[in-house]
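Read through the structure below, which is laid out as structure tokens, and then see the notes.
The values are calculated or read from the model by the stated rules, or taken from the named source; none is laboratory data. Given the structure is predicted, the values throughout are model-derived calculations rather than measurements. We place every Cβ from the backbone using ideal geometry, glycine too, and count neighbours over all the protein chains shown. Areas reflect the complete protein model, heavy atoms only, side chains present, ligands, DNA and RNA absent. Shrake-Rupley method; radii C 1.70, N 1.55, O 1.52, S 1.80 Å.
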Amino acid sequence: LFRSGNHDLHLLAQYAGIRTPRPGDTLEPILRAPDAPELIDWLRTRPLALRQGDFLMVHAGLPPQLDLAKCETLAKEVEGALASDQCTDFLAAMYGDEPDTWDEQLAGMLRLRVITNYFTRLRYCTAGGRMELTHKADIAPAGYDPWFRFERPGNERVIFGHWAALEGETGVESAINLDTGCVWGRRLTAMNLERSEEHTSELQSPDHLVCR
């Protein structure tokens with residue numbers, strides 16, 4: 001199961017020539033692969049939000065003031081842009097921290113950008129959904145809290161990654177974080193959706209993984 005995240009979109013932007021590699025990027029093997037066009041086309045059609053049974057899976061977070069049905073609808077707007085002939089225009093316009101709050105009156109690329117930031121970059125926000133996108137520490141900036149700490153309409157369950165500093169702990173039953181720092185050589189965590197069970201393995205190296 002795969003949902004698009006901030007690094008996936010950065011890869012698409014590099015492939016389109018919109019962004020140059022950043023220090024520490026490891027995307028060159030994909031960009032130079034013989035089947036790169038096929039890989040990129042596949043990546044462009046991945047969802048931002050994926051419903052599986054009683055769970056909604058996203059990369060980073062969701063606007064807390066909106067229920068999951070509305071969030072799924074908004075995700076499809078960005079998914080449509082990525083899969084369309086306006087993909088390059090979208091990738092060029094998606095970078096930026098403004099607008100920082102969802103507004104139904106937003107249109108065009110600004111609308112798509114704020115949706116993208118919720119789904120692929122969000123960590124801290126206010127109860128009204130105002131995002132703070134520069135803070136990555138485990139102590140919330142003044143006036144903000146982790147997005148999953150706010151009571152959501154319906155209080156449905158969300159599975160997300162993106163935030164390795166949480167080490168898989170959210171403190172709320174409605175939000176399950178599966179990013180436990182595997183890429184940094186720490187733990188790999190997966191979830192059995194049918195049983196609602198989490199499984200964690202200690203890794204000596206993230207380079208030797210077999211996922212079944």
Going through Thr116, Thr134 one at a time, which residue ends up being within 16 Å of the chain's Cα centre (by Cα), among the polar types (S, T, N, Q) and closer than 25 Å to Leu50 by Cβ? Thr116
Residues in the stretch 74-84: is at least one in contact with an Asp or Glu (Cβ under 8 Å, 6 or more places away or on another chain), charged (D, E, K, R) and within 22 Å of Gly128 (Cβ to Cβ)? no
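Counting residues that are of a type in the set (A, V, I, L, M, F, W, C) and open to solvent by 30 Å² or more (accessible area, probe 1.4 Å), which strands (runs of 3 or more DSSP E) fully inside the stretch 120-193 reach at least 1?
Ranges flagged: 187-192.
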Out of all the residues in the stretch 89-119, which are surrounded by fewer than 15 Cβ atoms within 10 Å (Cβ to Cβ), touching a residue at least 24 places away in the same chain (Cβ under 8 Å) and more than 28 Å from Ile176 (Cα to Cα)? Ala92
Pairs where the first residue, in the stretch 136-148, is touching a residue at least 24 places away in the same chain (Cβ under 8 Å) and under 17 Å from Leu66 (Cα atoms) and the second is outside any loop (DSSP other than H, G, I, E, B) and not aromatic (Phe, Trp, Tyr), C-beta under 6 Å, 6+ apart: Trp147/Cys125; Phe148/Ala175
From the options Arg51, Arg22, Arg32, Arg44, residue that is closer than 22 Å to Arg123 by Cβ and not small (Gly, Ala, Ser): Arg22
With respect to Asp25, is the statement that it is among the acidic types (Asp, Glu), over 17 Å from Gln86 (Cα atoms) and under 20 Å from the mean Cα position of the chain (by Cα) true? yes
